[in-house]
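The values are calculated or read from the model by the stated rules, or taken from the named source; none is laboratory data. Predicted, not measured: the structure shown is a model, and the values here were computed from it. All Cβ positions, even for glycine, are placed from backbone atoms using ideal geometry, and neighbour counts span all protein chains on display. To get the accessible areas, we keep the full protein, side chains included, count just its heavy atoms, and leave off ligands, DNA and RNA. Shrake-Rupley method; radii C 1.70, N 1.55, O 1.52, S 1.80 Å.
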Amino acid sequence: MSLDSFFADLPFRPDAFQVEAAQSVAAGRSVVVTAPTGAGKTLVAEAAVHVAMQQGTRAFYTTPLKALSNQKFGDFRVAYGPDRVGLLTGDNSINGDAPVVVMTTEVLRNMIYAGSGDLRNLGVVVLDEVHYLQDRFRGMVWEEIIIHLEAGIPIVALSATVSNAEEFAGWIRARRGPTDLVIERHRPVPLESLYMVKDRSRREPLVVAPVFGAKETKPNPLLARLFRKSGSGRGNRFATPRRYELAEYLDAEGLLPAIYFIFSRRGCDAAVEQVAGSGVRLTTPDEAAAIRAYARERTSHISDTDLAVLGFGRWLSWLEAGIAAHHAGKIPAFKEAVEGLFAAGLVKLVFATETLSLGINMPARTVVLENLSKFTGESHELLQPGDYTQLTGRAGRRGIDTRGTAVVLYSRWVPFERVAAVAGAGSHPLESSFRPNYNMAVNLIANYDRAEATRLLTASFGQFRAEARAEQLEADIAALEADLAVLRGNAECERGDVWEYLRGSGGSAASSHGTVMRSFARELGPGDVLEEERDGGWHRAVMLARGLGSNPRLLLLGSDGRLRRIAPGDLDASTVRIGTLVLPEPFRPRETRYQRSVLRELRSFEPTGDPVPAYGGDTVVDHGVGGCPDLDDHRRWARRVHRGERRLERLRSRRAGLGNDLVARFDGIVGLLTEWGYVADWSLTAKGEHLRFVYNELDLLVAEAIETGLLDGLDPAALAALASVFVYEPRLGAEEGGWPTSLLAERAKAVWELAEQLAADEGRLHVAETRPPEFGFVEAAYYWAAGIELEDVIGDDEGRAGDFVRTCRQIIDLVRQIRDGYPALRSVAAAAADAVDRGVVAAGGIE
């Protein structure tokens, strides 16, 4: 298939990687493309669509987000015409039998499991943002598609830069046949990473300097020296620049437009208010007027009453200043308006959460990271290198900017060296999040026999990686076993059995390693300096403290600065005491400053007296080996054997830990489904057939609630309210709602009891526990579906609006599944969907 006409119509010359990938598609091969954000991966997808249409086949373009699907739907309609492009997102079903259909990944997965006729004549599937498969909640959908899609259909997998692209492409090749890997590492617009800190000791306090030095791999020595000299973290000398200061700096330096990432919705909103409230204005009067007109147009479908509830006036005034927030707490219409205004160059500074880093077309000149750590809901975690690359990938607009700029702000919690390490690494490996669940289980049973289902279950990317690691470990084990055979031969002595001598057999005084080391440790005191042979060299440590008893724990400070608390048996057989260091007074071995002082002395320590080896002297006088003149050589070889055996034990332990537990998990799920009446002898019951079409995190709980009649006899508002317990996930600090009716309170209690029964059975069968239902949205869902106005449902808490819309869209999705899968509830479920799908909820798609 020739691509000449496709390339000839382009208004620019394609890059080499784009041509290479497109040629793979034209040859009918699958292709994995990894490239930095903004490098032009989408052109490969467009080439794939072109090839499919030339061949008279269909093309499916999948994305992880409904907003992305809507965006690509619009782009393709412009390119190919409205009649030739369709959209399937769960929210929307437009022209679904068109030659080109844009959809979310879940829609395609569901079509595959259902054996949809729409898969006929399918020529190519594009999986955009395929690195999303490591998402722990939704990632396995990508793997299910790659595993179950008909083998003859090539896929085009588009990914951000990952460090194990070869491994990922190898897995797809093993699953789907001929697959090419195209890697583009070059950023079309070079990126400069800057670090900004406020130094209160200076007349001009803002310090802005490159993260890296001249070699572009090492931390900037000027910054490293600045923090080292002053003792970073002490006192109040250094501070994070204020947000308005940063905005003024970017404006003055010509670094706008910019995206400023803050990993908190509340932080984004507060930042907009702070910057706009400080008087910063980034627009001209003409730009402000254009912004006002565009924003009103994009929100014209929302009533004035609802706009007032949503804080439209404040939002618009901030927009007119060129400043906006973008996060999941905003309703779709507001977010889409911000995206359009930013792309048009009217809004100059957007404060956003990391969700913006995925796919939405909002390139900027500058990206700002306020902090490299974020709260996960349980703890604060440092960003991975791949996260940094993804977030900063928006910096630098192709064809507009000669370079992009990333600005990382000072934080007392993240040392500058860590910032440089994260910024310099570039990417991290793609991991698998694949795990069987109830819906997957019933669809496997419906479509395959047990042997084939098991084979497909073990075809995941995670299992592929585990098997590769297992092969490497087995090779390492075999090589080490061969080395140990040689080492044991070297240790042998013609005068007798070396191993018997060292073990102390026959009543001699020789001791086991643990016994020798315990005896050696009891002779040690604080300040004693030890050396041991490791990795081909000698390593030194000083003992700071020793515990009591027959097996005392030792606190050792190594010359590498590491503090270790170990048992005597953990000492290597090569250990030697080489002298004693006079420890400083007062004796405070637990304090960091004290340890640093000792470390300086240790590094300059010169041995005193004769060394005392742990395995010292002839421990057995009546054994022939004890009189061998080469006894020290035998011991040295024996020590190497001892170290090798310990490493061999670790390798074997790691190999044993790579066993396949997916099959065991799956068997547990099938066992539970059998007990609950969904499966019988590898066949689905009527209940099991219904469960095939419930795509929800609480899938089995939803199905069982329906099967036990808990959704019977409800009006549309009550059904929507009860459906909310299966989709709602409260944010931290969210308040519980009330019970609109006694019937709902009764049914909710029954759902909770059902969830407790399920959790008990899951625990008994060692199945991953289903998260419990949440009842905090019941009241809001009920009154909204009953027709109550938005103001009376969410009050004056405009920050809830985006979550409210998103949860309502999820309710609609679930009740539509109920409508399609359970004929007895079809009428009331359809009415519930219509009742919820109104006003601000109907005003746009969701993520």
Determine Rg/Rh for the stretch 668-765; Rg is computed over alpha-carbon atoms and Rh is the Kirkwood hydrodynamic estimate from the same atoms.
1.00
As I understand it, the value is the acute angle between the Cα axis of helix 165-176 and the longest principal axis of the Cα atoms of the chain; what does it come to in degrees, rounded to 10?
60
For the stretch 1-34 and the stretch 109-155, compute the distance between their C-alpha centroids and round to whole Å.
22
In degrees, nearest ten, helix 265-277 long axis to first principal axis of the chain (Cα):
70
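Evaluate 2.2 N^0.38 Å with N set to the residue count of the chain, then give the Cα radius of gyration divided by it.
1.14
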Sort all Cα-Cα distances of the stretch 720-824 into consecutive 5 angstrom bins from zero, then give the percent of pairs in each bin up to the one containing the longest distance.
2, 11, 19, 22, 20, 13, 8, 3, 1, 0
Work out how far the C-alpha atoms of the stretch 220-306 reach from end to end along every principal axis, then list the three figures in whole Å, largest first.
59, 28, 22
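Output the pairs from Lys198/Lys218; Lys66/Lys374; Lys66/Lys687; Lys198/Lys348; Lys72/Lys687 with a Cα-Cα distance over 28 Å in this structure; if there are none, say none. Don't skip to the end; give the middle numbers.
On the way: Lys198/Lys218 22 Å; Lys66/Lys374 25 Å; Lys66/Lys687 30 Å; Lys198/Lys348 23 Å; Lys72/Lys687 38 Å.
With Cα atoms farther than 28 Å apart: Lys66/Lys687; Lys72/Lys687.
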Neighbour cut-off at most 12 other Cβ (10 Å), DSSP loop, chymotrypsin sites (Phe, Trp or Tyr not before Pro), the stretch 400-439
Trp413
Give me P(r) over the stretch 141-207, computed from all C-alpha to C-alpha distances, binned every 5 Å, as integer percentages.
3, 12, 18, 15, 9, 7, 7, 7, 5, 5, 5, 4, 2, 0
In Å, the Kirkwood estimate of hydrodynamic radius for the stretch 273-432 over Cα pairs equals 17.4
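When only Cα pairs under 8 Å and 6 or more residues apart are kept, what is the percent relative contact order across the chain?
Values: 1399 pairs, mean separation 94.9, N = 847.
Here the relative contact order equals 11 percent.
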For Ala209 and Arg593, FRET efficiency with R0 = 30 Å and r from the beta-carbon atoms, rounded to 0.05?
0.55
What percentages, rounded to whole numbers, describe P(r) for the stretch 57-102 computed over all alpha carbon pairs with 5 Å bin width beginning at zero?
6, 27, 38, 23, 6, 0
Any idea what Rg and Dmax come out to for the stretch 155-307 if you just take the C-alpha atoms, in Å?
22.9, 64
In angstroms, what radius of gyration and Dmax does the stretch 1-128 have, counting Cα atoms only?
14.1, 42
Please report how far the C-alpha centroid of the stretch 687-745 lies from that of the stretch 473-493, rounded to the nearest whole angstrom.
61
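Determine, for each peptide in 809-817, 486-494, the mean count of other beta carbons within 10 angstrom over its residues, then list the peptides with the highest first. Walk me through the numbers before you get to the answer.
Numbers: 809-817: 22.9, 486-494: 14.6.
Those peptides, ordered most packed to least, come out 809-817, 486-494.
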For the chain, what does the helix formula give at 222 nm: sum of -39500 (n - 2.57) over DSSP H segments with n ≥ 4, over the residue count, nearest 500 deg cm²/dmol?
-13500 deg cm²/dmol
Going residue by residue through the stretch 109-115, the Karplus relation 6.51 cos²θ - 1.76 cosθ + 1.60 with θ = phi - 60° gives ³J(HN,Hα) values, rounded to whole Hz and with x marking Gly or Pro, of 4, 5, 5, 5, 5, 7, x
Give the carbon-plus-sulfur fraction of the accessible surface of the stretch 761-835 in %, rounded to a whole number; probe 1.4 Å, heavy atoms of protein chains only.
46
Quick calc of log₁₀ I(q)/I(0), the stretch 401-474, Debye, one scatterer on every Cα, no solvent, q values 0.27 1/Å, result -1.21
Total formal charge among the other residues, if their Cβ is under 10 angstrom from that of Thr62, Lys/Arg +1 and Asp/Glu -1
-1
Give me the angle, in degrees from 0 to 90, between the Cα long axis of helix 243-252 and the longest principal axis of the Cα atoms of the chain, rounded to the nearest 10.
80
